[in-house]
Amino acid sequence: MADETISNSVQCPVCFKDFTPGTINGHLDTCLLSSAADSPSTAVETGPPVKKVRVSEPVNDSVSSSSSAMPGTQSSSSVFSLFQANKGKLDVQPDRSSVFSGKRSPVSAFSKGTKRVLTEAVSVPTGIETPSVSNSEAEKNINNHLPARTLLSSNKPLAEALRPNTLEDYFGQNKVVGQQTLIRSLLESQEIPSLILWGPPGCGKTTLAHIIASMSKKKGSARFVTLSATSASTNDVREVIKQAQNELRLCKRKTILFIDEIHRFNKSQQDTFLPHVECGTVTLIGATTENPSFQVNAALLSRCRVLVLEKLSVEAMGSILNRAVAALGIQVQGQHPTNSSYREQTDSSEPAIYIEQKALDTIAYLCDGDARTGLNSLQLAVQAQMKSPRLNQSTQHGFPQEIVVTEEHIKEGLQRSHILYDKAGEEHYNCISALHKSMRGSHENASLYWLGRMLEGGEDPLYVARRLVRFASEDVGLADPSALTQAVSAFQACHFIGMPECEVILAQCAVYLARAPKSIEIYKAYGNVKACLRNHKGPLPPVPLHLRNAPTRLMKQLGYAKGYKYNPECSGPVEQEYLPEELRGADFFTWTPSDR
């Protein structure tokens, strides 16, 4: 019993005494405080153990080296470095004041001569990110007009600079995180389940993950770690999981792991998450633009809640653009200024920036529900006008000229260069299904639209032509036998000339099939034949002897072809059976599998 107690004990990294897992946290608080009191050269922030230690005063190298040589006078920064699974990496949440002011936070080595130095710019492991600006600071940056010009002139994309940190500024996904929804209640109570965020580009998947990170950091309830499947390896994932196990065991703090583009991980890499998501070591949040049913392991999918984020509506894009315009200090032309900061700007030496309401509406309609495209296009249009040579000339009164962003400027910068279409993904099957059903419903306009969506998105025209050949028999059939000839001719013509010349040929065939009368008589009859063959009990019936060919004397002696009546030699109708005895009288055009 004593051996079992010793094996389950945890050693304090400061005083090297053994404690049970339930008492180690309370002891660490006392031990760290007493350690800091004995070492006057370091100032340790008091508080719960979930907070990383902050060093508020620079320490000279001699004091740091002397304290690292004595185990009894370890700084608490080195103590927390022991909780990391990999001693060569640091997972530090530095004090913002020390980072921005350029103060150094030394980290002393603990054992075996390992020396760790934390430089002025505190480094974070590759792929691991934590929010560096609180909600109040973000709101201050948006409401304060001073950084507006900085946002426009910086190399950072506007979509990233104005990424919201609260659900109140998160637009367009009310069905998922709106008021009175289950997910919103869980997020506000910090009971975050494992999630798979599925939606098109620019719909707010990464933003929602950052909002969760901001809420978690504000309440101190969880660590938030970000990895991208495009650059992270399995070893990076395992490293994060080891750190999560240490955080949960020693600090009783959960870890939220956000994996961007999770569909980029193969099946074996996704299996790495299974046991740790199952036992709650990490809360997994994955973002993907692909259908999780095809790209995410079924075992991992069953342990996560799938949130389907829709493409942003025009109204939601309008709200996002209005928020961006207000943050940048841009005045909508024809509207009265509503804030004092804007009036201050118009009185300064900086030129006032105006934008037409039509220009904002154009962005909302042409960005195809992609907020990232819309915001970056706004930034590009405004920057282009600010760099215009005519702005170097002042007016006759000595004031700088005004900048007016018009609808033409937006259209010039925001040209629809692509259509959301994936030839190997779900959108491929969605569009071909829509084309097939539109032709079946004799809706020629919808047929042309879905055909255009596929061809303009880069679809292989021969694939579309093959589907039209199939449709000619499956849905038109005997109602218009020439439809099959039209479809085969269209396929051959596409094979001869290719894109883009063959697009009108496919359009002609699609409209012909949409207008043609429909008959599924052949399709249903052959389906009944297949059902009859699958549902037959016992061996299939043999071919009747009189229907068999008899090329040899032996076969003739066995009765092959005996009694067969050759129809062209008969002057009238011939009465003879052509089906096996078990199926005599069957009519597959009216027959159903339950009849036999």
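The values are calculated or read from the model by the stated rules, or taken from the named source; none is laboratory data. This structure is a prediction, so every number in the text was calculated from the model and none was measured. Counting neighbours? That spans all protein chains shown, and the Cβs are built from the backbone with ideal geometry, glycine included. SASA here: full protein model, heavy atoms, side chains in, ligands and nucleic acids out. Shrake-Rupley method; radii C 1.70, N 1.55, O 1.52, S 1.80 Å.
Checking Ser216 against (1) of a type outside the set (A, V, I, L, M); (2) more than 25 Å from Cys203 (Cα to Cα); (3) touching a strand residue (DSSP E or B) at 6+ places or on another chain (Cβ under 7 Å); (4) touching a residue at least 40 places away in the same chain (Cβ under 8 Å), which single condition isn't satisfied?
Failed condition: (2).
Going residue by residue through the range 434-450, is there one that turns out to be open to solvent by 30 Å² or more (accessible area, probe 1.4 Å), of a type in the set (S, T, N, Q) and in contact (Cβ under 8 Å) with a residue 60 or more places away in the chain?
yes
Given the condition in a helix (DSSP H, G or I), among the β-branched types (Val, Ile, Thr) and either at pLDDT 85 or above or under 28 Å from Gly369 (Cα atoms) (or both), answer yes or no: does some residue in the range 418-431 qualify?
No: the range 418-431 contains no residue that is in a helix (DSSP H, G or I), among the β-branched types (Val, Ile, Thr) and either at pLDDT 85 or above or under 28 Å from Gly369 (Cα atoms) (or both).
Restricting the range 173-207 to residues that are touching a Ser or Thr at 6+ places or on another chain (Cβ under 9 Å) and farther than 26 Å from Arg264 by Cα, which is most open to solvent (accessible area, probe 1.4 Å)?
If we take residues in the range 173-207 being touching a Ser or Thr at 6+ places or on another chain (Cβ under 9 Å) and farther than 26 Å from Arg264 by Cα, then Lys175 is most open to solvent (accessible area, probe 1.4 Å).
Please verify whether the range 486-502 includes one or more residues that are in contact (Cβ under 8 Å) with a residue 60 or more places away in the chain and buried (at least 18 other Cβ atoms within 10 Å of the Cβ).
No, that holds for no residue.
Please go through the range 527-549 and pick out each residue that is open to solvent by less than 100 Å² (accessible area, probe 1.4 Å) and under 16 Å from Gln576 (Cβ atoms).
Val543, Pro544, Leu545, His546, Leu547, Arg548
So which of Thr373, Thr395 is out of contact with any strand residue (DSSP E or B) (no Cβ under 7 Å at 6 or more places or on another chain), modelled with pLDDT under 90, hydroxyl-bearing (Ser, Thr, Tyr) and buried (at least 19 other Cβ atoms within 10 Å of the Cβ)? If you could, list the steps in order and put the result at the bottom.
Details: Thr395 fails: buried (at least 19 other Cβ atoms within 10 Å of the Cβ).
On inspection, the qualifying residue turns out to be Thr373.
Going through Val308, Val296 one at a time, which residue ends up being open to solvent by 20 Å² or more (accessible area, probe 1.4 Å) and either modelled with pLDDT of 85 or more or within 18 Å of the chain's Cα centre (by Cα) (or both)?
Result: Val308 is the single residue among Val308, Val296 that is open to solvent by 20 Å² or more (accessible area, probe 1.4 Å) and either modelled with pLDDT of 85 or more or within 18 Å of the chain's Cα centre (by Cα) (or both).
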